[in-house]
1. Being open to solvent by 10 Å² or more (accessible area, probe 1.4 Å) and either more than 13 Å from the ligand (Cβ to nearest atom) or without any contact (Cβ under 8 Å) to a residue 12 or more places away in the chain (or both): is that true of PHE285 here?
2. Sort out which residues of segment 73-85 are open to solvent by less than 30 Å² (accessible area, probe 1.4 Å) and either within 13 Å of the ligand (Cβ to nearest atom) or touching a helix residue (DSSP H, G or I) at 6+ places or on another chain (Cβ under 9 Å) (or both), and write them in order of number.
3. Test PHE250 against the stated conditions and say whether it is among the aromatic types (Phe, Trp, Tyr) and away from the ligand (no atom under 11 Å from the Cβ).
4. How many residues are open to solvent by 50 Å² or more (accessible area, probe 1.4 Å) and touching an Asp or Glu at 6+ places or on another chain (Cβ under 9 Å) when one looks only at segment 172-195?
5. Quick check, is PHE135 open to solvent by less than 10 Å² (accessible area, probe 1.4 Å) and either of a type in the set (S, T, N, Q) or within 16 Å of the ligand (Cβ to nearest atom) (or both)?
6. Name the residue that is nearest to the ligand (Cβ to nearest atom), counting only residues in segment 195-240 that are among the polar types (S, T, N, Q) and in contact (Cβ under 8 Å) with a residue 60 or more places away in the chain.
7. Quick one: ILE17 ticks every box in (1) crowded, with 18+ Cβ neighbours inside 10 Å; (2) within 20 Å of GLY299 (Cβ to Cβ) except a single one, so which number is it?
8. In segment 46-69, how many residues are open to solvent by 60 Å² or more (accessible area, probe 1.4 Å) and within 16 Å of the ligand (Cβ to nearest atom)?
Amino acid sequence: MALAEGRALNRDRVDAIGAREEAAYRARTPHSARLHERARQALPMGVASSFQTYEPYPLFMTDARGSRIWDADGNEYIDFDMAFGVLAAGHSHPVLADALQRRVANGTCYTFPVQDGVELAEELKLRFGMDLVRFSNSGTEATMDAIRVARGFTGRERIVKFEGGYHGHHDDLLVSIQPPRDAMGPVEQPTTVAASAGIPASRVAETIVAPFNQPDLLEAILEAHRGEIAAIITEPVQFNIGVVPPQPGFLERLRELATAHGAVLIFDEVKTGAVLAYGGATEHFGVQPDLVCLAKSIGGGIPIGAFGGRAEVMRVIEEAPQPDAGVGVEHSTLPAGANRVAHLGTFNGNPLSMLAGLVTLTQILTRDAYPQLHRLADRLTAGCQAVIDEFELPAYAINVGPKGCVMFTPARVTNYRDFIGVDADLWQASFFFMTNRGILLPPGPDDQWTLSVAHTEAEIDRHVATFREFAAEVVG
Ligand SMILES: Cc1ncc(COP(=O)(O)O)c(C=O)c1O
């Protein structure tokens with residue numbers, strides 16, 4: 001049995017393994033190195049999204065099918081990253097690929113509505129307990145639009161987010177993602193820290209930050225801002241600092257507090273929706289928010305976003321809320337006849353995305369897909385935990401449904417401040433070690449593996465065996 005805190009590692013050994021594996025990575029992937037060098041002449045950091053790069057350079061990919069992906073040097077990997085969790089349906093599932101081929105030959109953008117969009121909206125309503133849905137093109141757009149709808153509905157401006165949560169790259173929410181320790185303020189009243197230059201201070205001032213899994217502190221923060229909060233947005237599981245599940249009762253208390261304060265509760269299910277369960281985290285945890293945001297997995301690999309929820313909230317898109325709506329939310333600050341909330345977008349509901357979503361949800365990620373995804377994930381976590389116990393690594397393995405990771409810290413992480421203790425050097429050594437042996441994981445300790453309908457038991461076992469090789473070498 002492992003010591004609770006794991007053994008003290010020989011740091012020189014960890015560093016030596018990291019350096020050796022990074023050198024091996026460079027030797028195996030010269031084509032990616034050359035492409036990255038060329039890309040840097042055309043794209044800042046050589047990538048299209050700053051999340052896509054890492055030191056010394058990212059792999060450039062050429063092909064992918066099912067659970068496998070190939071880089072520009074022809075190296076094959078079992079993909080456990082799955083495009084930051086987009087691909088619970090696997091890469092280019094044959095049913096989806098076939099349907100999309102027919103769609104591509106028949107027009108991919110009309111800016112007129114299509115029947116597939118109606119059917120996809122109906123499917124989402126069913127799965128997530130929503131009354132009304134709107135489509136967008138990304139998770140960022142979904143959370144941005146949900147916030148505007150919440151503000152329009154309540155007539156309030158401030159929003160609450162949790163420290164360590166990521167909800168996309170718009171100004172209101174690109175704050176306190178992973179703030180530096182010396183800037184984050186006291187846990188009772190975290191400072192709102194912009195995560196990028198270019199975000200106006202006026203936007204930062206509208207977003208209040210609370211610590212995840214601390215309901216009493218949240219209650220005090222809401223009390224200090226009584227009558228001001230339009231929305232509370234949360235990832236039901238914090239999946240942008242590894243895997244941090246809600247503690248028992250936390251989401252229920254959040255629900256009660258949002259209702260008590262007349263704030264719209266938004267679940268950001270961009271990572272959890274259609275991955276954790278048929279009805280996402282909303283079904284998995286049995287707590288119904290007012291609005292749900294979706295993206296990533298619901299499109300099976302084609303860009304898409306969606307948000308939706310309670311009719312009375314979503315109706316602000318088609319009609320101005322009435323001052324006496326009587327829904328427990330104060331509308332008194334809204335002038336009579338205030339404008340409806342604008343929700344717009346050229347590519348919203350485009351035929352390619354709508355078909356991709358419909359086929360993914362109704363033919364691939366059907367209700368009967370989930371038990372096997374959960375079984376495989378539990379096997380991977382149990383396998384990695386057995387390795388950790390055997391070698392007394394200062395780490396633990398964790399998953400919620402088909403998403404999980406090894407957290408390279410001995411103590412359970414319950415919020416962002418605990419996550420700061422993660423051993424980044426150990427993670428980095430493991431990342432290159434696994435990559436060089438054909439096990440592709442997300443390029444950061446803050447992300448996690450995602451399993452798909454294409455993964456097999458044999459692939460899970462190879463992942464565990466490779467991790468065991470790594471652990472054995474680390475402890476010597
Ligand atoms: C929880 C969550 N919300 C929103 C987003 C933003 O989604 P997108 O990158 O599609 O804009 C992400 C992206 O990783 C996410 O993890």
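1. Values: open to solvent by 10 Å² or more (accessible area, probe 1.4 Å): yes; either more than 13 Å from the ligand (Cβ to nearest atom) or without any contact (Cβ under 8 Å) to a residue 12 or more places away in the chain (or both): yes.
Answer is yes for this residue.
2. Looking only at segment 73-85, we keep the residues that are open to solvent by less than 30 Å² (accessible area, probe 1.4 Å), and these are 77-82, 85.
Result: TYR77, ILE78, PHE80, ASP81, MET82, GLY85.
3. Yes.
4. 1
5. Working: open to solvent by less than 10 Å² (accessible area, probe 1.4 Å): no; either of a type in the set (S, T, N, Q) or within 16 Å of the ligand (Cβ to nearest atom) (or both): yes.
Against the criterion (open to solvent by less than 10 Å² (accessible area, probe 1.4 Å) and either of a type in the set (S, T, N, Q) or within 16 Å of the ligand (Cβ to nearest atom) (or both)), PHE135 does not qualify.
6. ASN240
7. Here ILE17 meets the rest and fails (2).
8. Initially, segment 46-69 is screened for residues open to solvent by 60 Å² or more (accessible area, probe 1.4 Å), giving 48, 50-52, 55, 61-63, 65, 68.
Filter once more, keeping what is within 16 Å of the ligand (Cβ to nearest atom): 48, 50-52.
Matching residues across segment 46-69 total 4.
The values are calculated or read from the model by the stated rules, or taken from the named source; none is laboratory data. Since the structure is predicted, the reported quantities are computational estimates derived from the model, not experimental observations. Cβ sites come from the backbone with ideal geometry, for glycine too, and all protein chains shown count toward neighbours. Quick note on the areas: whole protein, heavy atoms, side chains included, nothing else; ligands and nucleic acids left out. Shrake-Rupley method; radii C 1.70, N 1.55, O 1.52, S 1.80 Å.
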